[in-house]
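Down below is the structure, laid out as structure tokens.
The values are calculated or read from the model by the stated rules, or taken from the named source; none is laboratory data. Predicted model only: the values in this text are computed from it and were never measured. Here the Cβ is made from the backbone with ideal geometry for all residues, glycine too, and neighbour counts use every protein chain on show.
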Amino acid sequence: MQLTIDQLAVRRGSRLVIDDLSFSAKAGQALLLTGPNGAGKTTLLRTIVGFIAHERGTISLEGGDDEREIGEQSHYVGHANGIKSGLSVSENLTFWAEYLAPDAARTEQRDRIFEALERLNLVSLEDIPAAYLSAGQKRRLGLGRLLVADRPLWLLDEPTVSLDTASVALLAGIVKDHIAGGGLAVAATHIPLGLEDSAELRLGAARAPA
């Protein structure tokens, strides 16, 4: 599987945020998007997943499911955590499991939810309403959707926001497992994620694909 961007241009209002951008990223790889605020990292991720229309250029996922849009084959984690405050931790994960993988067997859903609780250190909080969680706990809960349903492409926008050092390490381990299993991750970040052999694409005036 390979994500290929060719001569992409994206306009937001009157500003051409991304212009003539081309790169590719292969399965088994993490691609880190870096650059100053306003360089277009969020815009690029939201364009890949299909939330923003591009002005010209192409976006393709070679080796993916030709009958499904790229967004349907992706996990997108943005700045918002995507959790419901009135639901408990486990209820939030159950919602995502049922929404993202409605055809999965109940036993598989339960196993994946428990795995997410364990890997993100949320087991002791599973019955707590999300409204009572700390900012870091809410972020970990939001990242739980990565584990409750399979998606080959992960698009992560500043995934470490509100996470402490230990939680950043947990996330790095989850991403490593995903790419080791043949998945692909593209992450916008301002800090190192601890992912060895990752590639870097710097956006902005000094853009230089690595």
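Below are the figures for this structure:
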item: Residue that is surrounded by the fewest Cβ atoms within 10 Å (Cβ to Cβ), among those in region 66-82 that are hydrophobic (A, V, I, L, M, F, W, C) and closer than 16 Å to ASP157 by Cα; result: ALA80
item: Hits in region 121-132 (condition: surrounded by fewer than 20 Cβ atoms within 10 Å (Cβ to Cβ) and touching a residue at least 24 places away in the same chain (Cβ under 8 Å)); result: ASN121, GLU126, ASP127, ILE128, PRO129, ALA131
item: Residues of region 126-149 classified as part of a helix (DSSP H, G or I) and either hydroxyl-bearing (Ser, Thr, Tyr) or out of contact with any Leu (no Cβ under 7 Å at 6 or more places or on another chain) (or both), total; result: 7
item: Condition broken by GLU118, with the remaining ones in (1) under 20 Å from THR165 (Cα atoms); (2) surrounded by 15 or more Cβ atoms within 10 Å (Cβ to Cβ) satisfied; result: (2)
item: Residue check, LEU147 more than 24 Å from SER22 (Cβ to Cβ), modelled with pLDDT of 95 or more and either among the aromatic types (Phe, Trp, Tyr) or crowded, with 17+ Cβ neighbours inside 10 Å (or both); result: yes
item: Residue within region 108-121 that is outside any helix (DSSP H, G or I) and on the phi < 0 side of the Ramachandran plot present; result: yes
item: Single condition GLY86 does not satisfy, out of (1) in contact (Cβ under 8 Å) with a residue 40 or more places away in the chain; (2) more than 21 Å from the chain's Cα centre (by Cα); (3) surrounded by 14 or more Cβ atoms within 10 Å (Cβ to Cβ); result: (3)
item: Wholly within region 150-210, strands (runs of 3 or more DSSP E) carrying at least 1 residues that are touching an Asp or Glu at 6+ places or on another chain (Cβ under 7 Å); result: 184-188
item: Flag if ILE191 is closer than 21 Å to SER90 by Cα, in contact with a helix residue (DSSP H, G or I) (Cβ under 9 Å, 6 or more places away or on another chain) and β-branched (Val, Ile, Thr); result: no
item: Hits in region 115-132 (condition: in contact with a helix residue (DSSP H, G or I) (Cβ under 8 Å, 6 or more places away or on another chain) and closer than 19 Å to ILE174 by Cβ); result: GLU115, ALA116, LEU117, ARG119, LEU120, ASN121, LEU122, VAL123, LEU125, GLU126
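Here is a yes/no grid of residues against (1) surrounded by 19 or more Cβ atoms within 10 Å (Cβ to Cβ); (2) touching a residue at least 60 places away in the same chain (Cβ under 8 Å); (3) outside any loop (DSSP other than H, G, I, E, B); (4) of a type outside the set (Gly, Ala, Ser):
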{"site": "ILE5", "(1), (2), (3), (4)": "yes, no, yes, yes"}
{"site": "LEU8", "(1), (2), (3), (4)": "yes, no, yes, yes"}
{"site": "ASP19", "(1), (2), (3), (4)": "no, no, yes, yes"}
{"site": "ASN37", "(1), (2), (3), (4)": "no, no, no, yes"}
{"site": "PHE51", "(1), (2), (3), (4)": "no, no, no, yes"}
{"site": "ILE59", "(1), (2), (3), (4)": "no, no, yes, yes"}
{"site": "GLY64", "(1), (2), (3), (4)": "yes, yes, no, no"}
